[in-house]
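No lab work stands behind these numbers, since they all come straight from the coordinates. Model, not experiment: these values are computed from the prediction. Because the Cβ atoms are built from the backbone with ideal geometry, glycine has one as well, and the counts that use them run over all protein chains shown.
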Amino acid sequence: MSDNLKYTQEHEWLKIEDGNVAVLGITPYAQDALGDLVFVELPELGRKLTKGEHFAVVESVKTAAEVYTPVAGEVVAINDNLSGDPELIKKSLEEGWIAKIKLSDPTELEGLMDRAAYDKFTASLD
């Protein structure tokens, strides 16, 4: 994973592009926990989200997991490719993102973990 990402305790990753758009996906830790992915429920374009709200659902042969947004904003893009191939989430950041959100409050990024903090956090879970 890239070092310019931010992470949450709920195992989402976030990358800022174009200054105020957050690209969101789930971390390899979450991907491994879920196993084989069979379905992704994507958010609606234009949906307004509050920080901490669930905006997508990732289903595997084992379970379904809600995906939460670590930032408030408006959904400006969704990864339609996941509808036909949910396993794309596991391929790469470029292919496996779930949604892009235009930030309402960029200061919300300050509470997120960097790679080192996230690695330490996940190591404490094992």
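Quick notes
- Modelled label positions at Leu125 and Asp80, each set 7 Å beyond Cα in the direction of Cβ, lie 3.2 nm from each other.
- The stretch between Leu109 and Lys91, if pulled fully straight at 0.36 nm per residue, gains 4.0 nm over its current Cα-Cα span.
- Local electrostatic count, Lys120, Cβ distance below 14 Å [Lys/Arg +1, Asp/Glu -1]: -2
- Positive-pole candidate from Ser60, Val38, Val76, dipole of the chain, charges at beta carbon: Val76
- Cα-based shape type of the chain, given that a ≥ b ≥ c are square roots of the gyration tensor eigenvalues and the cut on a/c is 1.5: oblate
- With the cut-off at under 15 Å, measuring from each backbone N in region 96-112 to a point 7 Å along the Cα-to-Cβ line of Asn4 picks out no residue.
- Think of each Lys and Arg Cβ as +1 and each Asp and Glu Cβ as -1; about the Cα centre, that makes the dipole of region 1-43 roughly 100 debye.
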